[in-house]
Amino acid sequence: MICLKFKRLLSETSMVKKVFLVVSCFFVASQLFSESIPDSLLGIWEAKDRYVFFEQNNEDDPELVIVLKTYYGWYLDRAAEPASYEETESRTRNTATTRKPESIKLQKINTKTTQNSLYGSMNLVYSRSQFNTIPFFVLNDNMYLSYFEKDEPEDSVYSQNTNWTFYRGIAPSKGFQVSPQTVPSNISGYIIDGTKLYDVRYWQSYMDYSKEYINFTYNEDSYMIPKHISSSNANYSCVTGQSKKVRNPVKPFEYKAENYLFNDDGSVFTKNEEPYMKHLVDKENFADLIAIVKEANARRKPDADPLFPESNLDWHWDLIDLLEKDNKLIQEVRERQKKFGLRGKDVGK
């Protein structure tokens, strides 16, 4: 009996050592593979309603800095930033700001680069259970939230003579927000064939992701396209169930190259629209951001226009004074009024 207990104790001790070794290896690996922000993202970006600052401010998980343009842009609120920034430049406490800024960590930064572009995604982590994947496309210092990437399957399903291209869409976000947001229910895949553009609808599905290709047919046109598209931790499908064919395809639009912006190697494009953010190339550090905030918050909105416009109306002040002369109650009121400001009759003298 004693021998059995001793063997069991040795077995349990060995298991503890193994668990400790696995945990130690995981901890070391997490320290070796820290998140790194691409150089072309670093610095200050400006959108219509906010400034976004990317800085390698933490060796493991850098934090996002967001300054909101509140009150129609008249006040800049440091809404999200690392806690250490308070030591460098204290935050102003007022009705437009919270007591503490939000802490948003950047994780899983996955990007690809070409000569004039950067595209990919990153996770904005708000808490242990709340995060968003934000896809983005940077082209010549402009950032777009929606883009299409050329489909390049591992096993070629396209003919050597194929003169059309399929571009996978992504699940666009609302941008770099201070709070979590929902993932869109629908995305698009584009088939570009000469002057024709087919917009294929993909909807969010709970099916397991499949690399299978299915048939898209419209009149005499026939294409093999991906059954599923995975984006922002969601799976999107263009068919129901185990179907091998897209139902109810929509007729094509006219494709005009000038309506789209491609990167240098044609692997990615976006619609030719106003970008979500623009890179302020001459602003690159926290001091530059604080200078922007202070300059904006030093402004004072001009006084509103008078309710009634000025006029040359004769108020007959001499007659009013004559009527009030012997009224003791009115005279006492006039004396009190002098402490508050000029009467109408004295304005402009």
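Things to note:
- Reported count of residues in the stretch 287-318, each being modelled with pLDDT of 90 or more and farther than 18 Å from Asp77 by Cβ, is 1.
- Of the strands (runs of 3 or more DSSP E) that lie entirely inside the stretch 126-219, those containing 1 or more residues that are of a type in the set (D, E, K, R) span 148-150, 164-169, 186-193, 196-205.
To keep it simple, each residue is scored yes or no on (1) at pLDDT 95 or above; (2) exposed (fewer than 15 other Cβ atoms within 10 Å of the Cβ).
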{"position": "Thr13", "(1), (2)": "no, yes"}
{"position": "Val16", "(1), (2)": "no, yes"}
{"position": "Phe20", "(1), (2)": "no, yes"}
{"position": "Gln31", "(1), (2)": "no, yes"}
{"position": "Lys48", "(1), (2)": "yes, yes"}
{"position": "Val52", "(1), (2)": "yes, no"}
{"position": "Val65", "(1), (2)": "yes, no"}
{"position": "Tyr85", "(1), (2)": "no, no"}
{"position": "Thr95", "(1), (2)": "no, yes"}
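- Answer residue from the stretch 220-235, given it is in a loop (DSSP other than H, G, I, E, B) and under 25 Å from the mean Cα position of the chain (by Cα) and is nearest to Tyr198 (Cα to Cα) among those: Ser232
- Tabulated pairs, the stretch 161-177, first closer than 23 Å to Val67 by Cβ and of a type in the set (A, V, I, L, M, F, W, C), second at pLDDT 95 or above and not in a loop (DSSP other than H, G, I, E, B), C-beta under 8 angstrom, 6+ apart or interchain: Phe176/Arg50; Phe176/Val52; Phe176/Ile66; Phe176/Leu124; Phe176/Ile134
- Residue in the stretch 216-229 that is surrounded by 11 or more Cβ atoms within 10 Å (Cβ to Cβ), of a type in the set (Ser, Thr, Tyr) and within 30 Å of Met122 (Cα to Cα) present: no
- Residue in the stretch 166-209 that is modelled with the lowest pLDDT, counting only those that are of a type in the set (D, E, K, R) and more than 22 Å from the chain's Cα centre (by Cα): Asp208
- Taking each residue of the stretch 278-295 that is outside the structural domain of Ile44 (by TED's automatic domain parsing) and closer than 19 Å to Asp141 by Cα and looking for partners that are of a type in the set (A, V, I, L, M, F, W, C) and crowded, with 17+ Cβ neighbours inside 10 Å with beta-carbon atoms closer than 7 Å, six or more apart or interchain, yields nothing.
- Flag for Pro252 being at pLDDT 95 or above and more than 23 Å from Trp74 (Cβ to Cβ): yes
The values are calculated or read from the model by the stated rules, or taken from the named source; none is laboratory data. Quick caveat: nothing in here was measured; it's all calculated off a predicted structure. Reconstructed Cβ throughout: ideal geometry from the backbone, glycine too, with neighbour counts over all protein chains shown.
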